[in-house]
Amino acid sequence: MSIAESTPINAHAWEREVDEHYVEPHWCSERLFAEEKFISGIWDPCCGFGRIPDAAVKTGLYGIGTDIKDRGYREFAGVIDFLKTDRFRSHNIVCNPPFNIAPNFALHALSHPGTEKVAMIFPTARLNAAHWLKGTPLARVWLMTPRPSMPPGHTITAGEKPGGGKMDFCWLVWTKGRIGPADLRWLRRDVPESLT
């Protein structure tokens, strides 16, 4: 018997969320803010339940959360369609956008003259075909490990416990004025004691 045959797979296949509202584990943004420097604060224009703005606040930054609909985030700053606004709430955009329109989110954020830094969760498997990245000031790609489970929002509100994700994800980080190839780094949920 092979290892694959004897090891149970704990991966979920959820029904697709209508508004592409998928929820990242808390550690994804907490670890990003531990590794990436942001000046003053961030705006998450697709904040969902507010995990990214909350993680920013925990690190001493301000965190503003808006979305195309109110999903119950206690610090929700209002309904805003990010792709239709030019009134940005921060110089830094950090988000987990709907993956089907992620390039639109990134390019809109980067097109704003006041933008300093953009960080966005993106499916790692789509990087090979992400030709839209060419010519952007992509500074870093943070590969997240272990593979984070990102269930649709309705499973979280129903009280289901996520686990065993089937897709790999990364953070794409752009910085204003970046020239040259992006750095590839690992963003580990569990930091070895030797690195703390």
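Enumerate the pairs (first residue in the range 154-171 and of a type in the set (Lys, Arg) and in a loop (DSSP other than H, G, I, E, B); second residue anywhere and at pLDDT 70 or above and open to solvent by 40 Å² or more (accessible area, probe 1.4 Å)) with beta-carbon separation below 9 Å, excluding pairs fewer than 6 apart on the same chain, so at least 6 apart or on different chains.
As it stands, the answer is 166/147, since those pairs meet every condition given.
Return the only residue of 185, 178 being part of a loop (DSSP other than H, G, I, E, B), open to solvent by 40 Å² or more (accessible area, probe 1.4 Å), modelled with pLDDT of 90 or more and touching a strand residue (DSSP E or B) at 6+ places or on another chain (Cβ under 6 Å).
From the options 185, 178, the qualifying one is 178.
Pairs under 9 Å by beta carbon, first residue over 21 Å from residue 92 (Cα atoms) and acidic (Asp, Glu) in the range 65-77, partner open to solvent by 60 Å² or more (accessible area, probe 1.4 Å) and at pLDDT 95 or above, six or more apart or different chains?
70/79
So which of 51, 89 ends up being within 15 Å of the chain's Cα centre (by Cα), among the basic types (Lys, Arg) and closer than 21 Å to residue 106 by Cα?
Going through 51, 89 in turn, just one is within 15 Å of the chain's Cα centre (by Cα), among the basic types (Lys, Arg) and closer than 21 Å to residue 106 by Cα: 51.
So which of 141, 118 is within 20 Å of residue 45 (Cβ to Cβ) and either under 16 Å from the mean Cα position of the chain (by Cα) or in a loop (DSSP other than H, G, I, E, B) (or both)?
Exactly one residue qualifies, and that residue is 118.
Report, by residue number, each residue of the range 115-155 that is farther than 17 Å from residue 181 by Cα, small (Gly, Ala, Ser) and open to solvent by less than 20 Å² (accessible area, probe 1.4 Å).
Within the range 115-155, 149, 153 meet the criteria.
Given the condition within 17 Å of residue 174 (Cβ to Cβ) and open to solvent by 60 Å² or more (accessible area, probe 1.4 Å), answer yes or no: does some residue in the range 92-99 qualify?
For the range 92-99, residues within 17 Å of residue 174 (Cβ to Cβ) and open to solvent by 60 Å² or more (accessible area, probe 1.4 Å): absent.
The values are calculated or read from the model by the stated rules, or taken from the named source; none is laboratory data. Computed from a predicted model, the values in this text were never measured in an experiment. Reconstructed Cβ throughout: ideal geometry from the backbone, glycine too, with neighbour counts over all protein chains shown. To get the accessible areas, we keep the full protein, side chains included, count just its heavy atoms, and leave off ligands, DNA and RNA. Shrake-Rupley method; radii C 1.70, N 1.55, O 1.52, S 1.80 Å.
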